[in-house]
1. What number of residues within the stretch 26-43 satisfy the criterion of being farther than 13 Å from Leu100 by Cα and either touching a residue at least 60 places away in the same chain (Cβ under 8 Å) or not acidic (Asp, Glu) (or both)?
2. Ser89 versus (1) part of a loop (DSSP other than H, G, I, E, B); (2) among the polar types (S, T, N, Q); (3) under 21 Å from Val6 (Cα atoms): which is the lone unmet condition?
3. Does Leu58 meet the test of being on the phi < 0 side of the Ramachandran plot, modelled with pLDDT of 95 or more and in contact with a Phe, Trp or Tyr (Cβ under 7 Å, 6 or more places away or on another chain)?
4. Kindly evaluate Val59 against the criterion of being touching a strand residue (DSSP E or B) at 6+ places or on another chain (Cβ under 8 Å), assigned to a strand (DSSP E or B) and of a type in the set (A, V, I, L, M, F, W, C).
5. Looking only at the stretch 1-45, count every residue that is surrounded by fewer than 17 Cβ atoms within 10 Å (Cβ to Cβ) and over 18 Å from the mean Cα position of the chain (by Cα) and tell me the total.
6. For the stretch 4-21, indicate whether the set of residues that are assigned to a loop (DSSP other than H, G, I, E, B) and either in contact with a His (Cβ under 8 Å, 6 or more places away or on another chain) or small (Gly, Ala, Ser) (or both) is non-empty.
7. Which pairs turn up if I take residues in the stretch 81-94 that are under 12 Å from Arg70 (Cα atoms) and look for partners that are of a type in the set (D, E, K, R) and loosely packed, with under 12 Cβ neighbours inside 10 Å with beta carbon separation below 9 Å, at least 6 apart in sequence or on another chain?
8. I'd like to verify a number: residues in the stretch 46-56 that are surrounded by fewer than 16 Cβ atoms within 10 Å (Cβ to Cβ) and either without any contact (Cβ under 8 Å) to a residue 40 or more places away in the chain or touching a helix residue (DSSP H, G or I) at 6+ places or on another chain (Cβ under 9 Å) (or both), how many?
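The values are calculated or read from the model by the stated rules, or taken from the named source; none is laboratory data. This one's a predicted model, so the numbers in the text were calculated from it and none came from an experiment. Virtual Cβ from ideal backbone geometry, glycine too; neighbours counted across all protein chains shown.
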Amino acid sequence: MHELSVVRALLTRLKPYQHREICRITVEVGAMSCVDGERLQFCFDMVKKEAGLSGAELVIQVVPARAECRHCGRHFTPDKPGDACPCSSHDYTLTSGRQLLLTEIGFG
């Protein structure tokens, strides 16, 4: 469960703001990032009290995968790693869907 280490890294990023009351933390999780949103939420809920964030809400925005085929130039949405382009090529670049970003900190 690497989601716990992701949450711990997130908490490290929040340390400079500990003097303020944080009420909302928004993250973008790419569909191909190998981070499970439910597990991320579970891990956050598990440690938020000890981190002084008992009133904070974690908002997870899932970003769908997008790819550009190098063979035909088509943009498409793969459902899972290893999916082929509709032209049957596996030679493509993921243009989104791998990110894991802290995008917003809401203060109360």
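1. Summing the residues that are farther than 13 Å from Leu100 by Cα and either touching a residue at least 60 places away in the same chain (Cβ under 8 Å) or not acidic (Asp, Glu) (or both) in the stretch 26-43 gives 4.
2. Tallying (1) part of a loop (DSSP other than H, G, I, E, B); (2) among the polar types (S, T, N, Q); (3) under 21 Å from Val6 (Cα atoms), Ser89 fails exactly one: (3).
3. Considered against the rule, which asks whether it is on the phi < 0 side of the Ramachandran plot, modelled with pLDDT of 95 or more and in contact with a Phe, Trp or Tyr (Cβ under 7 Å, 6 or more places away or on another chain), Leu58 comes out as yes.
4. Here the answer is yes, as Val59 does meet what is asked.
5. So the answer is 8.
6. No.
7. So the pair list comes out as Cys85/Asp91.
8. Looking only at that region, the number is 6.
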